[in-house]
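A.B. asks: Could you have a look at this structure, given as structure tokens, before my questions?
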């Protein structure tokens, strides 16, 4: 059986039924529906051959070439699909819902699978993704200068059954010039958006959604403009952590990183630090004076954060004094403020 589904029906079913993406490995690696499996009909090179044939000869010639290239593969496709979906119920899509997904659906249906095809393919999913950022969300932004432990506090809020969208986790980057930590690999912009939209659609809009205060870019990933505008216009609950506590937190978090990485990233922000400050910061790294290094770069980051906060409406910013970076304590401070200070009005823009 083959049944075509619109995007809403397809994604609803995807919560319980496996999705296979029959595009090439290169297309899949660039961006995909979160949670999908790749079962490519063509290799990257084969797709080029078929596309060239289509343009230079004809559609019919391209179809024949496609069958020539995939002929020996069909048994393997079915066996792989059985591993992914042993109950023989599966969702399938390609780029535009055309021949690739149609051929796979036909073969799997012939073998006895219940196959559900996405109308419009991955292209339709991408349109759906962009539509999600135009929606209104009851956001509450957790702010605080660098080293306030915002990310850990968000994790604690999630442990307390609060709705959290962790943008830095999605972007695989901690936001600063040092945010890759020397090891994190970021998704493409397109896949960053795919993951974000897929998380947003699962939220309950009658309850607050907690996000961390971010600049427009998180490493090489950019927060979609409509969503970023909402983040800027909603309430900011600012954790005010003592300077030395922030320094201690950052020494623990960044002090153990590779020195070459720290030096390279410090040079990247050298123009903004200034030549003398950059030189002294690098010397501090080289001589294992991590606390001194952190204090030097915090001058820059604190100024940058203050400039960003200055673009918000003052009446939307709520400073919350904190004794330390303790995530459990600070999450309780945030929740208490939300519960007792009429913060139901904080998200009244929705």
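A.B. asks: Just one of (1) surrounded by fewer than 22 Cβ atoms within 10 Å (Cβ to Cβ); (2) in contact with a strand residue (DSSP E or B) (Cβ under 9 Å, 6 or more places away or on another chain) trips up residue 96, so point out which.
C.D. replies: That leaves (2) as the condition not met.
A.B. asks: Among the numbered criteria (1) closer than 28 Å to residue 130 by Cα; (2) free of Cβ contacts under 8 Å to residues at least 40 places away in the same chain; (3) not in a helix (DSSP H, G or I), which single criterion is violated by residue 256?
C.D. replies: (1)
A.B. asks: Ok, one more. Which of the following residues is part of a loop (DSSP other than H, G, I, E, B) and surrounded by fewer than 16 Cβ atoms within 10 Å (Cβ to Cβ): 303, 279, 311?
C.D. replies: 311
A.B. asks: What is the residue count in region 202-219 for residues that are under 25 Å from residue 28 (Cα atoms), surrounded by fewer than 14 Cβ atoms within 10 Å (Cβ to Cβ) and touching a residue at least 12 places away in the same chain (Cβ under 8 Å)?
C.D. replies: Going through region 202-219 one residue at a time, the tally reaches 0.
A.B. asks: Then there's this: Please go through region 2-33 and give me each residue that is surrounded by fewer than 16 Cβ atoms within 10 Å (Cβ to Cβ), under 21 Å from residue 189 (Cβ atoms) and either in contact (Cβ under 8 Å) with a residue 24 or more places away in the chain or in contact with a strand residue (DSSP E or B) (Cβ under 7 Å, 6 or more places away or on another chain) (or both), ordered by number.
C.D. replies: 25, 30
A.B. asks: Additional query: Outside the structural domain of residue 193 (by TED's automatic domain parsing) and assigned to a loop (DSSP other than H, G, I, E, B): does that describe residue 74?
C.D. replies: Here the answer is no, as residue 74 does not meet what is asked.
A.B. asks: Same structure, new question: Determine if region 53-76 includes at least one residue that is surrounded by fewer than 17 Cβ atoms within 10 Å (Cβ to Cβ) and under 30 Å from the mean Cα position of the chain (by Cα).
C.D. replies: Checked against the condition, which is being surrounded by fewer than 17 Cβ atoms within 10 Å (Cβ to Cβ) and under 30 Å from the mean Cα position of the chain (by Cα), region 53-76 yields no hits at all.
A.B. asks: Just wondering, is there one or more residues in region 212-224 that are part of a helix (DSSP H, G or I) and within 19 Å of residue 134 (Cα to Cα)?
C.D. replies: no
A.B. asks: While we're on this one: From the list 37, 111, exactly one residue is surrounded by 14 or more Cβ atoms within 10 Å (Cβ to Cβ), at pLDDT 95 or above and either under 24 Å from residue 198 (Cβ atoms) or in contact with a strand residue (DSSP E or B) (Cβ under 6 Å, 6 or more places away or on another chain) (or both). Which is it?
C.D. replies: 37 is the lone residue from the list that is surrounded by 14 or more Cβ atoms within 10 Å (Cβ to Cβ), at pLDDT 95 or above and either under 24 Å from residue 198 (Cβ atoms) or in contact with a strand residue (DSSP E or B) (Cβ under 6 Å, 6 or more places away or on another chain) (or both).
A.B. asks: Next question. I'm checking my understanding of the structure. Among residues of region 173-188 that are more than 15 Å from residue 215 (Cα to Cα) and in contact (Cβ under 8 Å) with a residue 12 or more places away in the chain, which one is farthest from the chain's Cα centre (by Cα)?
C.D. replies: Checking each candidate, the answer is 182.
A.B. asks: Specify which of the listed residues (150, 158, 134, 123) is in contact (Cβ under 8 Å) with a residue 60 or more places away in the chain, out of contact with any helix residue (DSSP H, G or I) (no Cβ under 6 Å at 6 or more places or on another chain) and more than 12 Å from residue 22 (Cβ to Cβ).
C.D. replies: 150
A.B. asks: Output the residues belonging to region 323-344 that are more than 27 Å from residue 257 (Cα to Cα) and not in a helix (DSSP H, G or I).
C.D. replies: Scanning region 323-344 gives 341, 342.
A.B. asks: Also: Take region 49-83 and flag every residue that is out of contact with any helix residue (DSSP H, G or I) (no Cβ under 6 Å at 6 or more places or on another chain) and more than 23 Å from residue 39 (Cβ to Cβ).
C.D. replies: Residues satisfying the conditions are 52, 55, 56, 57, 58, 59, 60.
A.B. asks: Same structure, new question: Inspect all residues belonging to region 245-254 and state whether any of them is in the same structural domain as residue 176 (by TED's automatic domain parsing), under 29 Å from the mean Cα position of the chain (by Cα) and farther than 20 Å from residue 147 by Cβ.
C.D. replies: No: region 245-254 contains no residue that is in the same structural domain as residue 176 (by TED's automatic domain parsing), under 29 Å from the mean Cα position of the chain (by Cα) and farther than 20 Å from residue 147 by Cβ.
A.B. asks: Kindly check whether there is at least one residue in region 237-248 that is touching a helix residue (DSSP H, G or I) at 6+ places or on another chain (Cβ under 9 Å), part of a helix (DSSP H, G or I) and over 30 Å from residue 321 (Cβ atoms).
C.D. replies: No, the conditions are met nowhere in region 237-248.
The values are calculated or read from the model by the stated rules, or taken from the named source; none is laboratory data. For clarity, every value in this text was computed on a predicted model and none was experimentally measured. Note: ideal-geometry Cβ built from the backbone for every residue, glycine included; neighbour counts use all protein chains shown.
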